[in-house]
Amino acid sequence: MQLPRPNAEVIARKAAIVSRLRAVLPSAAVIDDPAETRAYECDGLSAYRCPPLAVLLPGTTAEVATALKICREERVPVVPRGSGTSLSGGALPTSDAVILGLGRMNRVLETDLANRFIRVEAGRTNLSVTGAVEGEGFFYAPDPSSQLACAIGGNIAMNSGGAHCLKYGVTTNNLLGVTLVTMAGEVVEIGGPWMEAGGLDLLGVICGSEGQLGVVTEAVLRVLPKPEGARPVLIGFNSNEVAGACVADIIRAGVLPVAIEFMDRPCIRACEEFAKAGYPDCEALLIIEVEGSPAEIDDQLARIGEIARRHDPVELRESRSEAESARIWLGRKSAFGAMGRINDYMCLDGTIPVSALPHVLKRIGEMSRGYGLDVANVFHAGDGNMHPLILFNANKPGDLEKCEALGADILRLCVEVGGCLSGEHGVGIEKRDLMVAQFTEEDMEAQMRVKDVFDPDWLLNPAKVFPLEASAARRGA
Amino acid sequence: MKVTTEQELSEWITSATSPLRILGGGTRPVGRGVAGEVLDVSGLRGVTLYEPQALTLVVRAGTPLAEVEALLAGEGQRLAFEPADWRGLLGMAGEPTVGGMVAANVSGPRRVQAGACRDALIGVRFVDGTGTVVKNGGRVMKNVTGYDLVKLMAGSWGTLGVITEVAFKLLPRPETAATLLCETLSPEVAVAAMADALGSPFEVTGAAHHRGTGRTLIRIEGFAPSVAYRAERLCARLARFGDWSHIGEGGAEWQAVRDVAAFHQMPGDVWCLAVKPSDAPGIAARAEAEDALFDWGGGRIWLRVAAGADLRARLGPVAGHATLIRAAAETRARIATFPPEAPPVAVLARALRDRFDPKHLLNPGLMG
Ligand SMILES: Cc1cc2nc3c(=O)[nH]c(=O)nc-3n(C[C@H](O)[C@H](O)[C@H](O)COP(=O)(O)OP(=O)(O)OC[C@H]3O[C@@H](n4cnc5c(N)ncnc54)[C@H](O)[C@@H]3O)c2cc1C
């Protein structure tokens with residue numbers, strides 16, 4: 001992975017820059033001891049590491065603004081960071097950049113359930129947003145699997161989704177407003193606790209911009225009343241094609257489950273060995289969850305069961321109790337852990353039209369054999385967001401490179417069938433150089449114009465999203 | 001000038017040197033009138049792709065909305081955001097197009113539960129002010145590949161680019177609906193009742209109150225047994241606010257809310273406000289409005305106000321904003337249609353327009 005040449009002049013001035021920042025920020029908020037900054041050298045894509053110049057941990061929006069103003073004057077690149085769980089290297093530093101961590105800004109500022117919103121600081125973790133309202137029967141809908149750790153600011157930057165987004169949408173559909181600090185240190189309020197932000201939809205373009213347009217310090221989020229209950233059904237099939245056809249029929253029948261998760265044989269096997277969830281030995285497994293009162297759930301599961309039976313399932317297990325639901329979800333939820341135990345793995349995140357599912361799974365199987373690396377598939381079938389897990393051995397020379405090449409081929413396949421490179425993890429550095437597979441020069445130019453407007457010097461979160469050649473002129477490289 | 005292909009449109013814009021007034025169906029004449037040559041894009045028609053089993057539709061921007069809705073209805077699906085038809089409200093003829101709906105980000109009562117037009121929009125193609133064809137998003141529901149210009153184009157009223165094709169995430173049309181009606185509530189009590197309903201686990205898909213008739217409507221949709229159960233539970237839950245009757249699916253009632261039928265052929269200007277629901281009754285009272293329609297549980301207020309009044313000046317600062325939807329040309333020349341932006345936001349918006357439309361060709365001045 002190529003990173004832009006660090007600005008040697010900035011690195012040479014490190015001491016002066018740090019002391020300028022220390023003069024205006026609380027002393028605990030500026031870290032430059034290499035032993036301590038090492039904790040910030042990577043995110044969830046840990047194959048790539050680079051210690052930053054320094055780490056800033058501001059406690060208020062005003063401190064963020066002050067810090068950015070100084071960094072801009074000193075021409076220091078800034079990498080915003082939430083909890084560092086990005087899987088695309090979105091929070092990877094460069095050696096001339098400061099990390100701006102929002103971790104200390106984690107307060108709830110306002111809860112207003114009559115108007116169904118909550119205002120939080122951007123460093124607050126996803127799960128603790130729900131935690132702040134669940135006592136009153138509400139929840140925050142986007143639920144990435146990393147929700148215990150990841151921060152709302154990171155969710156906004158990556159437009160994160162979760163297992164339940166088939167019904168509730170992703171971050172952008174649940175975000176009402178942000179406080180954004182631009183690289184110039186200007187504090188901008190966009191949207192608020194009302195349903196239409198007004199004017200050009202700046203909120204829409206900030207969400208998913210991977211920390212490149214500004215630093216989000218506060219967010220107004222929509223919260224929803226919790227459903228009365230939820231229960232899954234587990235259905236096993238003897239082929240991926242049939243499982244795919246079953247998903248299509250369920251959607252056609254007008255049933256809108258809250259989640260439809262799909263696992264293929266390699267994934268089922270690994271999960272079963274790891275979690276002993278009692279999954280059947282079959283080619284493809286669906287876990288479909290519906291919500292409502294007990295009677296409503298029974299009714300929907302009956303409809304789903306009737307459709308599934310037309311496809312000759314090898315097993316159909318409706319959950320009748322909470323314990324049974326937990327067992328059905330157990331294997332799926334431990335999928336990544338299970339893989340991690342048997343192998344090193346790389347988790348991809350392309351999206352495909354659901355109609356292309358059987359074709360794509362077949363092609364992935366062929367590619368996997370071609371490269372001699374196993375691929376296990378687990379994904380959100382209702383919306384076509386795939387998470388192929390490529391298994392490799394990090395200690396074997398050449399294996400990581402082979403794995404990356406296979407990953408790139410799979411993502412190119414996603415684009416070829418009408419899908420995209422990333423459904424929820426973002427482009428980061430990981431998929432930066434693949435952008436040309438999906439976008440023309442003109443398409444990228446239009447996106448980069450937005451960056452020009454918010455961050456004319458291209459100092460925020462450098463080297464991410466756009467191929468380095470495409471952004472070279474703008475970065476003055 | 002009428003174009004029929006994206007290529008033709010691109011060539012036309014590339015060589016244009018003076019302002020263009022972009023016209024789809026011409027049914028939403030909102031904003032300051034644009035002095036410029038008409039660029040008619042209603043010829044960019046046709047469905048490019050419809051996959052019911054994937055809940056996906058891709059359609060060219062000039063396609064009549066009615067055609068799209070009929071196509072989807074034939075497959076038991078729909079655009080969930082319930083786009084309004086503004087012809088009656090604005091006294092227009094013509095045929096609303098999909099592109100116009102997207103450019104105006106038009107959503108109806110179901111927005112409160114299913115999201116806005118911009119939330120259902122998953123892909124877009126447009127020609128910017130330099131004549132360049134740009135695509136963004138795609139045809140899949142989850143996509144964070146590059147910046148989301150799809151949202152930026154929705155509600156940009158043609159000022160960043162001329163939309164040529166759009167892709168939507170669709171939803172199944174539910175088996176049935178039930179509407180609950182209460183005729184005795186004041187706006188204050190109605191908004192409290194609607195908040196209670198929207199805060200319940202029963203997935204209310206419409207909550208509106210019309211001050212003029214005192215009618216409050218609450219809608220639930222889904223499979224028949226579920227709708228029956230939810231209607232009963234809601235009636236019981238909301239009994240403390242008043243007596244609720246079950247008036248069937250309520251299709252006509254919701255269409256009237258969606259299209260603001262109460263204000264058709266009634267005198268005065270029409271404003272549309274986005275506010276915190278609990279603030280809505282107070283704001284409507286301060287507005288000295290002739291009539292008020294509270295949609296989205298009060299989150300959106302349609303106000304009919306004596307002609308020529310500057311509602312923003314009358315209200316002073318509010319948490320939210322007001323858009324002038326219908327007024328005489330003289331009023332629209334004097335009072336900004338779109339809510340004034342805070343200075344740093346205005347700077348960003350202007351800079352974006354300068355980048356996407358450097359020659360200031362596309363509906364210049366329409367959004368202020
Ligand atoms: C085990 C595991 C499971 C996961 N499951 C999911 C999943 O189900 N769905 C999903 O969508 N993702 C998932 N992820 C990916 C990741 O958790 C999300 O991308 C998450 O939103 C990142 O949040 P973070 O706070 O950790 O952000 P970071 O990793 O710190 O940063 C991510 C990006 O956000 C930017 N950023 C962070 N804070 C701000 C801010 N305040 N202002 C501006 N920019 C900011 C950073 O610069 C960076 O580009 C998973 C990750 C792991 C490790």
Problem - Lysine pairs within chain B, Cα separation less than 24 Å, 8 or more sequence positions apart or different chains - result: 10
Fill in the blank from the handout: From most to least accessible, 1.4 Å probe, no ligand or DNA/RNA atoms counted, A:His311, B:His360 line up as B:His360, A:His311
Practice task
Determine which lysines satisfy two conditions relative to A:Lys14: a Cα distance under 22 Å, and not lying fewer than 8 residues away in the same chain.
Solution key: A:Lys69
Practice task
Let me know the mean shielding of B:42-51 by other chains, meaning the per-residue number of their Cβ atoms within 10 Å of its Cβ.
Solution key: 1
Problem - Rounded if a/c under 1.5, otherwise prolate or oblate - region B:1-70, Cα gyration tensor axes - result: oblate
Problem - Binned Cα-Cα distances of region A:117-183, short to long, each 5 Å bin given as a whole percent - result: 4, 18, 30, 29, 14, 4, 1, 0
Practice task
Show B:His246, A:His387, B:His264 ordered by accessible area, largest first, where the area counts protein heavy atoms only and the probe is 1.4 Å.
Solution key: B:His246, B:His264, A:His387
Practice task
Quick one: work out Rg over Rh on the C-alpha atoms of the protein assembly as shown, Rh as Kirkwood radius.
Solution key: 0.95
Practice task
Keeping the other protein chains in place, figure out the carbon and sulfur percent of the accessible area of region B:43-134, with a 1.4 Å probe.
Solution key: 49
Problem - Neighbouring partner chain Cβ atoms per residue of A:438-449, average, 10 Å criterion - result: 6
Fill in the blank from the handout: Note, A:Val178: beta-carbon cut-off 9 Å, +1 each Lys/Arg, -1 each Asp/Glu, net -2
Exercise for the section: Give me the aspartates and glutamates in straight-line cross-link reach of A:Lys226: C-alpha distance below 13 Å, same-chain residues under 8 apart excluded. Expected result: A:Glu134, A:Glu136, A:Glu291, B:Glu203
Handout entry: By average C-beta atoms within 10 angstrom, highest first, the peptides A:138-148, B:99-109, A:242-252
Key = B:99-109, A:242-252, A:138-148
Problem - Derived scalar couplings ³J(HN,Hα) [region A:320-327; Karplus, 6.51 cos²θ - 1.76 cosθ + 1.60; whole Hz; x for Gly, Pro] - result: 10, 8, 5, 4, 5, 4, 4, 5
Handout entry: For residues of B:197-207, the mean tally of beta carbons on other chains within 10 Å
Key = 4
Fill in the blank from the handout: The orientation-averaged projected area of the Cα convex hull of region A:17-63, in nm², is 3.9
Handout entry: Order by protection proxy (mean Cβ within 10 Å, highest first), peptides A:18-31, B:290-303, A:340-353
Key = B:290-303, A:340-353, A:18-31
Problem - Two-decimal ratio, chain B, of alpha-carbon radius of gyration to 2.2 N^0.38 Å - result: 1.00
Practice task
Please work out the C-alpha center-to-center distance from region A:100-168 to region A:74-97 and express it in whole Å.
Solution key: 21
Problem - A:Ser368 accessible area, 1.4 Å probe, all protein chains in place, Å² to nearest 10 - result: 20
Exercise for the section: Assuming a ≥ b ≥ c are the square roots of the Cα gyration tensor eigenvalues, decide whether region B:152-302 counts as rounded (a/c under 1.5), prolate (otherwise, with a/b larger than b/c) or oblate. Expected result: oblate
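The values are calculated or read from the model by the stated rules, or taken from the named source; none is laboratory data. Remember, it's a predicted structure, so these values are computed and weren't measured experimentally. Note that we place each Cβ from the backbone using ideal geometry, even for glycine, and neighbour counts take in every protein chain shown. For the accessible areas, the whole protein counts, side chains as well, though only heavy atoms, and no ligand, DNA or RNA atoms are used. Shrake-Rupley method; radii C 1.70, N 1.55, O 1.52, S 1.80 Å.
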